[in-house]
């Protein structure tokens, strides 16, 4: 990876890879589902597999705009736990209290994933910080407190 004009430029090299036919079919299904090229799908799947192997207890979820790291067995995304952790002054005991339904392994997985891949999680945190109540209300005016619902209800 190289930094060019403050943007990340990914350097990729072509590799020869022999795939079993059934795996190639699975990748083909993902290509159709995602509208992506073979290379894009294979790269994403490999990246996720490596990350899940490095951090047991993490899996990936489809979001509206991307696939994101989440804690296995929950719908809770890693960035959500990290945002809470940071808001608590990185106090592990307070984090534990905030997520009483998660065990220590689950919280550790989220924090360790962040330790290994901070740029991914920090980018998501920056995006989430952008969504202030004022911006939400300007984009979705019916969500403003005190406004009647679009169907005339309260």
Residue that is modelled with the highest pLDDT, among those in the stretch 127-137 that are in a helix (DSSP H, G or I) and surrounded by 10 or more Cβ atoms within 10 Å (Cβ to Cβ): 127
Condition test on residue 85, is it under 30 Å from residue 13 (Cβ atoms) and touching a helix residue (DSSP H, G or I) at 6+ places or on another chain (Cβ under 6 Å)? no
Residues that are in contact with a strand residue (DSSP E or B) (Cβ under 7 Å, 6 or more places away or on another chain), at least 1 per element: which helices (runs of 4 or more DSSP H) completely within the stretch 43-118 meet that? 78-87, 104-116
All but one of (1) in a helix (DSSP H, G or I); (2) outside the structural domain of residue 111 (by TED's automatic domain parsing) hold for residue 15; which doesn't? (1)
Residue 90 vs (1) at pLDDT below 95; (2) at positive phi: all pass except (1)
Give the number of residues within the stretch 84-107 that are under 18 Å from residue 73 (Cα atoms) and touching a residue at least 24 places away in the same chain (Cβ under 8 Å). 4
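The values are calculated or read from the model by the stated rules, or taken from the named source; none is laboratory data. Values in this document were obtained by computation on a predicted structure and should not be read as measured data. As a convention, Cβ positions derive from the backbone with ideal geometry for all residues, glycine included, and neighbour counts pool all protein chains shown.
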